[in-house]
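S.K.: First, the structure itself, so that you have it in front of you.
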Amino acid sequence: MKAAAIIIIIALVLGGCAMKPKSLGAVEVRDYQGEKLDSAFSLRENSIKGPQHIDIENYTLKVGGLVEAPKEYSYDEVLKHKAYTKVIRLYCVEGWDANLLWEGVLLSGLIDEAKAKKEANTVIFHAYDGYTSSLPLDYIKSRNILLAYKVNNITLPDERGFPFEVIAEDKLGYKWVRWVTEIELSDNPDYKGTWESKGYSNKADV
């Protein structure tokens with residue numbers, strides 16, 4: 001009788017464990033507050049060297065150039081900053097676009113921590129694959145431009161620029177630098193990045 005009772009108890013315990021839901025991690029959202037989102041995995045891959053795969057354990061984000069207090073952040077240190085989310089449409093120079101939900105930190109916050117010098121007026125972004133582009137410092141501050149680490153509620157896939165992508169709202173896609181490794185403050189508003197040096201507009205307005 002005791003043996004039968006023990007078997008029943010074990011069965012109930014195991015059954016309860018089997019019914020316990022298991023977390024499968026974050027899933028991509030395709031709707032946010034009633035707004036339809038495109039899939040982050042449907043975007044055309046057009047980087048200069050293909051998707052980059054960064055060893056996050058050895059990753060460092062540098063903020064330097066014309067600053068009073070150069071900074072270096074680990075991935076986790078960046079994520080400790082206040083998070084912001086916003087639906088922003090990406091427009092590619094190739095003619096396609098995608099509506100996506102971004103989560104990240106304010107670039108202006110990181111720049112403020114490094115204390116940009118008075119003569120700084122431009123921010124140059126350096127990517128892991130050697131790609132560069134720039135944006136006006138005033139634009140970054142006035143538009144609350146994000147350095148994103150999530151898209152549609154998931155951590156940026158390698159294809160989308162893990163660990164960080166510049167979300168250059170209302171600018172064409174070549175300003176949306178992926179795989180960012182360095183944020184450089186400069187006094188050169190005419191700096192020409194990878195595509196700008198080949199004739200693309202430095203303003204890149206949509």
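S.K.: I'd like the GluC sites (Glu not before Pro) in the range 61-93 restricted to DSSP loop residues with at most 10 other Cβ atoms within 10 Å, sorted by number.
M.R.: Answer in residue order: E68.
S.K.: Based on alpha-carbon centroids, what's the gap between the range 42-99 and the range 118-172 in Å, whole number please?
M.R.: 5 Å
S.K.: Residues with amide H under 5 Å of G65's amide H, sequence separation 5 or more or different chain, H placed in the peptide plane at 1.01 Å from N; which?
M.R.: Under 5 Å from the amide H of G65 lie the amide H atoms of L185, each far enough along the sequence or on another chain.
S.K.: Same structure, new question: Would you list which lysines come within 25 Å of K49, measuring only between C-alpha atoms, while excluding same-chain residues fewer than 8 positions from it?
M.R.: K62, K150, K171, K175, K192, K198, K203
S.K.: Out of residues 5 or more away from T122 or on other chains, whose amide H comes under 5 Å of its own, with H placed 1.01 Å from N in the peptide plane?
M.R.: Residues meeting the criterion, in which the H sits 1.01 Å from N, are L137, S186, N188.
S.K.: Suppose only helical runs count, i.e. DSSP H with n ≥ 4. What mean residue ellipticity at 222 nm does that imply for the chain under -39500 (n - 2.57) per run, divided by all residues and rounded to the nearest 500 deg cm²/dmol?
M.R.: That comes out to -5000 deg cm²/dmol.
Coordinate-derived values only; no laboratory data. Nothing here was measured: the structure is a model prediction, and the numbers come from that model. Here Cβ is always computed from backbone atoms with ideal geometry, including for glycine, and neighbour counts include all displayed protein chains.
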